[in-house]
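Some notes on the structure that comes next.
The values are calculated or read from the model by the stated rules, or taken from the named source; none is laboratory data. Because the structure is predicted, anything quoted here is derived from the model rather than measured. We place every Cβ from the backbone using ideal geometry, glycine too, and count neighbours over all the protein chains shown. For accessibility, only protein heavy atoms count, side chains too; no ligands or nucleic acids. Shrake-Rupley method; radii C 1.70, N 1.55, O 1.52, S 1.80 Å.
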There are 2 protein chains.
Amino acid sequence: MDSLLSTPLEAGTKGLPNDAAGLLLSNVASRNWNLLQGHIPLPSLVIKQRALEHNAGWMRDFLERQNILFAPHGKTTMAPQLFDLQLRYGAWGITVATAQQLKVCRRFGVQRILMANQLVSVSDIEYVAGEMRRDETFEFYCLVDSSEGAERLQRVLEQAGPAKPLRVLVEVGVPGGRTGCRTVDEAIRVAEKISALSRLSLYGVECYEGVISTGDGKEDERRITALLQRAETVYQGCRSRRLFADKGCVILSAGGSAWFDVVASTIGRISDEAVKVIVRSGCYLPHDSLFYDRHFHKLQARRGSEAGLPGSLKPAMEVWACVQSIPEPGLAVLSAGKRDVSHDLEFPVVEKWFRPGISTHPGPIAGETAIIALHDQHACMQFSKETDLAIGDMLALGISHPCTTFDKWRLLWLVDDDYNVTGGIRTFF
Amino acid sequence: MDSLLSTPLEAGTKGLPNDAAGLLLSNVASRNWNLLQGHIPLPSLVIKQRALEHNAGWMRDFLERQNILFAPHGKTTMAPQLFDLQLRYGAWGITVATAQQLKVCRRFGVQRILMANQLVSVSDIEYVAGEMRRDETFEFYCLVDSSEGAERLQRVLEQAGPAKPLRVLVEVGVPGGRTGCRTVDEAIRVAEKISALSRLSLYGVECYEGVISTGDGKEDERRITALLQRAETVYQGCRSRRLFADKGCVILSAGGSAWFDVVASTIGRISDEAVKVIVRSGCYLPHDSLFYDRHFHKLQARRGSEAGLPGSLKPAMEVWACVQSIPEPGLAVLSAGKRDVSHDLEFPVVEKWFRPGISTHPGPIAGETAIIALHDQHACMQFSKETDLAIGDMLALGISHPCTTFDKWRLLWLVDDDYNVTGGIRTFF
């Protein structure tokens, strides 16, 4: 982490002020920049430090009360500084989706990594084998969802030869979904194959409920519960067949950022001291203003007054842009586009308005506004007659889907409640 | 450019082989990597060098025959090495959309830059003023589409004080579109305002026809022709009012990657020696397999056997991924997702199939395939009974919209016809 904090920021990095090329991340706070005073170029992505830490604490408290472990999904932010924060808040490890993400974690010293995905390419398997040889304390798990996949790992590991077998979880999926064995029988067959291979050790069962989305919340909950029950049945089948390599340590993992409470109330209740239930939410940390915020309100409605849910997750991300043109009445063009803000789930919304030199602090925008189009580098925003808007006004956009907003930035800013910049965060996509 | 070629590649960069951290771009070719031999991790973005250079030459030849200048849009690739190639192929300058893109161009020595956008933020205006003070040979143009915008530039430039006035073009737009004056009268009023301000010089007229897209090609052509005619009327009005700062040099600029032939056949025909017509296409260079390829076929159909169109632009980009799971009959999950390939216009298509250890070269995939879903890190692909597919098979995805594929990569590979890696290209988004 020290090496990251002492790497100079490159000239031309999006969001970096004019005079700051070569600045070290560790020296950002000493610049006394303030977003609202125009020190930061727009567009910029800011993370509100208070909300970020609130969210980190909220999830730690929720999972601790449920006696569930946490391997937050690193793919959301791909920011080693935030991985560090998550680990300081008690995370058991970090989840990744790809070998590239794994390499970033390793570069910055993450020791326990769950790759919630298949490891397929020969060079990726060789990389893992190399890390296992180089560092005996590196603890790594990945998924297998077919006998072919298991045999493929075995073949490469026989050549690449780490001393210890590779720890794998069998993945359970849903028909029409993504990866994962479609039936209990198939998953058990794959588990048997794994346990028969010398270079692999079966350490548990995994599923990802987030691929289920019918549009009907009740139906989703029914199907998700069924998937989790199927994963539990696979676990029971593997245990009764003695397929787990370490009967004192079996991992059951599920849980993105929308349904982790259902994971807690299903497989989280398994009464087996050997079982570690691991949830992998990633979006809880930055949270958002739309998609995950709606999911969180549903989660609160599902749980009612059930213990263990003090307060709410808070949107911590804002993409700030300025009004660059008001070419006709009721239409403004903003200086942020597809390349600055997520648009895969829905368009962003205007959360705050600030007029430099006039406003004392950001407030809600008057009247009605709607982003109606995103171009690569522009947003088109409709606004009502009540909306007071001028070229140069600054707007905070609330986003939907943190993953596809983070990946549009190499550098983002941590800010306090007054938008003083307290630090910079680098991402590695 | 030397500094770029001698910067070490960072560990964890997506697409970088395991053992290559610290490698200099200038030494990539000496590694003798080959994509098909598994030297490059997947997913990776490759650019076929022959197609790239063909496209660069095609556009140079087309525009030269039309006697039109070229400022290719740098936003597409944000790759200074490709800007360098474009300038070597005779480009007049480079177009950018944002101050960040401008900074990247300046960092890597681009001297003539057209910012096809408003310059709004105080710190961005100050940056330009600083560059103008620092380097008298820096030639910069940006757009203005309102008197407020012009006055804003004047105010900041009075403080920031470059010796020479800032060169600006008045922007003409379309109702319901993006930026730009909606009527001729309004554009003339803005031009009059510009010419009355001491710190600004009016150098021309600009429009962007690419925002017009009704879904009906004939109607689009009619509206685009009308927009270009309106821009010409604004130019005539400014000339007759003697608003241009340099009557020996007036810029008329339009033209993305879909309609540049119509630009050539309208404002490209203005008989005024003082006029430089500048087209700004960006996507022509990598081209694509879907959106711009269809547009190019329409362009060829529009132009018929008209002189000056030897051959076609060729898709130069491929995102390679592998099959990581075949969880049910007819469904494969690939190791590339929303974060690796554009999805804002349409999903990618499978162009080539290669089975390591078996295939001798990539060929078309048997049967029917379709990408039916993209997740952050996965693609779900349906395939027919005729399709021969196994875990570990490599697939080349043809993309739609180069801009939103390039921005998902920090590093991409140049390859020859046999997929030998001949160089690496860094991007700066």
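Quick notes
- Expressed as a whole percent, the accessible surface of segment B:18-147 that belongs to carbon and sulfur atoms is 43, based on a 1.4 Å probe.
- In a DSSP loop and with at most 11 other Cβ atoms within 10 Å, the trypsin sites (Lys or Arg not before Pro) in segment B:375-415 are B:K385.
- Couplings 3J(HN,Hα) for segment B:405-412, derived from phi with the Karplus relation 6.51 cos²θ - 1.76 cosθ + 1.60 (θ = phi - 60°), are 9, 3, 6, 9, 9, 8, 9, 9 Hz, where x marks Gly and Pro.
- Helix B:217-240 and the long axis of chain B differ in direction by around 30°, with both axes built from C-alpha atoms.
- Rounded tilt (10° steps) of A:122-134 against the dominant C-alpha axis of chain A: 80
- Amide H within-cut-off set for B:T95, under 5 Å, with H built and near neighbours excluded: B:H73, B:G74, B:L114
- Tilt relative to chain A, helix A:291-303 - C-alpha long axis, 0 to 90 degrees, to 10: 60
- For B:V156, the accessible surface of its heavy atoms amounts to roughly 20 Å² (probe 1.4 Å, protein chains only, rounded to the nearest 10).
- DSSP-defined antiparallel bridges as percent of all bridges, the protein assembly as shown, nearest 5: 50
- Surface accessible to a 1.4 Å probe, per residue, for the residues of chain A, Å²: 36
- Three semi-axes describe the equivalent ellipsoid of the protein assembly as shown; taken as square roots of 5 times the Cα gyration tensor eigenvalues and ordered largest first, they are 48, 31, 24 Å.
- The phi-based Karplus calculation (6.51 cos²θ - 1.76 cosθ + 1.60; θ = phi - 60°) puts the 3J(HN,Hα) values of segment A:16-27 at 7, x, 3, 9, 10, 4, x, 4, 8, 3, 5, 9 Hz, whole numbers, x for Gly and Pro.
- When a 1.4 Å probe is rolled over the protein heavy atoms, the share of accessible surface on segment B:330-412 that falls to carbon and sulfur comes to 54 percent.
- Residues with amide H under 5 Å from that of A:L200, placed H, sequence gap 5 or more: A:L166
- Summed over both chains, the accessible area lost when B and A associate is about 5200 Å², using a 1.4 Å probe.
- Helix content alone sets the calculated 222 nm mean residue ellipticity of chain B: runs of n ≥ 4 DSSP H residues at -39500 (n - 2.57) each, divided across all residues, give -9000 deg cm²/dmol.
- Take every DSSP beta bridge whose two residues both sit in chain A; close to 50 percent of them are antiparallel.
- Applying both filters, DSSP loop and at most 13 other Cβ atoms within 10 Å, to the trypsin sites (Lys or Arg not before Pro) of segment B:50-130 eliminates every site.
- Kirkwood-type radius of chain A, with distances r between different C-alpha atoms, in Å: 23.0
- Summary for B:G248: label point 7 Å along Cα→Cβ; distances to the equivalent points in the other copies, ascending, 8.9 nm.
- Here segment A:150-274 is treated as a sphere whose radius is the Kirkwood value from Cα pairs; by Stokes-Einstein at 10 °C and 1.306 mPa s it diffuses with a coefficient of 105 µm²/s.
- Treating each Cα of segment A:75-215 as one equal point scatterer and applying the Debye formula with no solvent, the log10 of I(q)/I(0) at q = 0.13, 0.18 Å⁻¹ comes out as -0.57, -1.04.
- Cα-based values for segment B:1-153, radius of gyration first and Dmax second, are 18.7, 59 Å.
- √(5λ) per eigenvalue of the Cα gyration tensor, segment B:52-127, largest first, Å: 25, 13, 9
- Hull volume in cubic angstrom per residue (convex hull over the Cα atoms of segment B:263-346): 149
- When Rg and the Kirkwood Rh are both derived from Cα coordinates, the Rg/Rh ratio for segment B:324-409 amounts to 0.96.
- Phi to ³J(HN,Hα) by Karplus 6.51 cos²θ - 1.76 cosθ + 1.60 over segment B:326-338, Hz, x for Gly, Pro: 10, x, 8, x, x, 10, 10, 10, 9, 8, 9, x, 3
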